[in-house]
Structures are given as structure tokens and as C-alpha cells.
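Only the coordinates and a few stated rules stand behind these numbers; no lab work does. Bear in mind that the values here come from a model prediction, so they are computed numbers and not experimental data. Neighbour counts run over all protein chains shown; Cβ positions are idealised from the backbone, glycine included.
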Amino acid sequence: MLIGLVLAAGPAQAAKVLRLSLNPLGAILDDGAIVQLSGGSAPLLLTGNSGVPNFGLSFTIPNDYKSDTPLVLEIVWEAYETDCSFLLAPNLLYRSRPGEAADGGGASSGLIALEATTDFTLSGGRIQMAAPATEQESAKVRFEISGGDEEFPSLDQGDGITFGIFRDDRGSEDSCTGELGISGISIVYEKGKVPKT
């Protein structure tokens, strides 16, 4: 968690955190997710009652990342209705490093939901989030990307990461019938030493 990154360094020296912006318009889309260019709503939409809308993005861990610390995926989202909830879950996580075998790409390890800025409930890596109180009010949801499992024991500068998130609107935990709009996606990470080249 971002708060954990700051507190872990102690009161004398707070850890420096940085943000890597990812483009929602560059996402790979599947099963009902759409992109649009509009001045009135978010560009990436996970539609309601359309299957299991999902998106995926890739990035390379920056050279100033502190090895083996969590990466926090932050998604800025909005809803076009109120008094309902959305369910988001990891769809896939693929980690690779030059000279090593890539992991299996499973969503069950290394990518889990952390929190949201609206009321939320966590369950098995998934997150149920209340729609904001006002239509098109922005909120955030956070997921953690980590190493430390059998498939990929650590994260380091230069690693390739591909992740996917899906909206599970088939069950009662996702009661919103309209779209969940995504306007911003970023990776928040703790700064480390840049290697000399």
C-alpha cells in the first residue's frame, strides 16, 4: 500500500514514491470493454451486463524502482449511476525478466486488490466497490503487483509486466447496470538507486 511505503522508511527519512502513467486508450480490450474519445466521460468503459468486460496493459519496471518492493496499480474510475456496486478482479499477471523463465501468467498470485476510496469489501484478491455518491464523481481503486511467489520470486528494474483486470457483472456483488468508466491508470512505486550503465 502507498501508505505502507511511506511509513516503512520511518519518521527520519520518508520513502520517495513515484508514478508511472499508463494510457487507458492503449489497453487491450475483451468481452464488452470499449474505448471512446469523449469530452463528457471516461475513455475506457467496462460495460454492464455484457459478459465479463476486461482490459490489459503492459509496462516495463523503471530503472529508478527499488527492487523487491510492491508496485501499486491505481485506477481512477467513475460511475454513471449511484446506489449500486461494482466488482473488479485480477484477470491475469505475466512477469518476465531477460535471462529467466517467465511466470505462468496466472491471476491468483502476485496481483491482488488493496482498497478503494469508496466503501469496499475485499474477497480472494477481488474488490467490491460502492459507486460514488454522485454520478461521474471520480474515485480510485488500488491493486498490488508483487513478486515473492514460486512462479516469480522477485521484481526488479527492467522486468516486463502485463496485467489484466475484469469486471464481474454476472453476480449479485456487481449491481450496477451501467458502465464503469476508467480515466486514469498508473503504477506507484518506491524510488531506489538508478544503476550505472
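When the Gaussian network model of the chain links Cα atoms closer than 10 Å, the mean-square fluctuations of PRO53, PRO98, PRO43 top out at PRO98. Using C-alpha pairs under 8 Å with a sequence gap of at least 6, the mean separation divided by the residue count of the chain gives a relative contact order of 36 percent. Calculated on the alpha-carbon coordinates, the convex hull of segment 22-70 measures out at 120 cubic angstrom per residue.
In the calculated pair-distance distribution of segment 77-128, the portion above 17 angstrom amounts to 50 percent of the Cα-Cα pairs.
Among the trypsin sites (Lys or Arg not before Pro) within segment 140-197, those in coil by DSSP and having at most 13 neighbouring Cβ atoms inside 10 Å are ARG170, LYS193, LYS196.
Expressed in Å, the radius of gyration and Dmax of the Cα atoms of the chain are 16.9, 53. Secondary-structure-derived ellipticity at 222 nm for the chain, considering helices only, amounts to -1000 deg cm²/dmol, per-run term -39500 (n - 2.57) for DSSP H runs with n ≥ 4.
So, counting K/R as plus one and D/E as minus one, what does the shell of residues with Cβ under 13 Å around SER58 add up to? Show your work: numbers first, answer last.
Working: positive: ARG95; negative: ASP159.
Taking every Cβ under 13 Å from that of SER58, the sum is 0.
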